[in-house]
Every structure is written in structure tokens, then in C-alpha cells.
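The values are calculated or read from the model by the stated rules, or taken from the named source; none is laboratory data. As the structure is a prediction and not an experimental result, all values here were calculated from the model. Here the Cβ positions follow ideal geometry from the backbone for every residue, glycine too, while neighbour counts run over all protein chains shown.
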Amino acid sequence: MLTAKEFGGLGADPITTARVVEILSTANGSIGWVVMIAATTPYWVTALISDDAAHEIFSPDAEAVMVRTLVPQGKAHRAEGGYRISG
């Protein structure tokens with residue numbers, strides 16, 4: 001949803017995307033989670049690669065499927081008075 005139209009996406013704004021995810025999540029939280037990942041992954045990828053590469057990956061003929069995982073990278077360690085959190 002967030003991927004720019006020039007790269008084959010819908011070019012939706014973040015508020016619209018969040019509302020769609022919210023509506024879907026009220027019906028089924030898992031569907032909302034998957035749609036959020038599917039909507040944001042190409043958006044972030046196109047922000048990190050060259051326009052030429054993005055056009056190649058997301059061209060109408062490419063049939064690209066892109067997934068990712070949101071694995072927390074932070075760590076919590078017991079410390080005096082509680083925990084020390086990093087990441």
C-alpha cells in the first residue's frame with residue numbers, strides 16, 4: 001500500500017494504511033499483522049535501494065514477493081533496581 005505508484009504500489013499515505021490495517025485487525029489480528037508487514041516492506045526497501053533497482057524489482061512484469069520479519073533486536077539485563085534495556 002505504501003509503495004510509490006512509480007514502483008507499482010498504491011501510493012497510499014500512512015494514515016490510510018494505518019486505518020486499513022486497523023480495520024482488518026479488528027476482524028482478525030493475524031491478518032492485520034500480515035497486511036502491515038506486506039504494506040511496509042516494499043516501502044522501506046524502495047527507500048534503501050536505487051530507483052533503477054526498485055523499478056526492476058517492482059516492475060509489472062517482475063512478480064516479486066517480498067517479506068520480512070520484525071525481530072526485536074533489543075536486550076534486557078537485570079540491573080540494580082530493575083533492568084537495563086538496549087537495542
Scan (1) within 14 Å of residue 58 (Cβ to Cβ); (2) assigned to a loop (DSSP other than H, G, I, E, B) for the single condition residue 43 breaks and write down its number.
-> (2)
Could you figure out which of (1) part of a helix (DSSP H, G or I); (2) modelled with pLDDT of 90 or more isn't true of residue 55?
-> (2)
Yes or no: residue 30 hydroxyl-bearing (Ser, Thr, Tyr), modelled with pLDDT of 80 or more and surrounded by fewer than 13 Cβ atoms within 10 Å (Cβ to Cβ)?
-> yes
Filtering segment 29-87 down to residues that are among the aromatic types (Phe, Trp, Tyr) and closer than 23 Å to residue 4 by Cα yields 33, 43, 44, 58
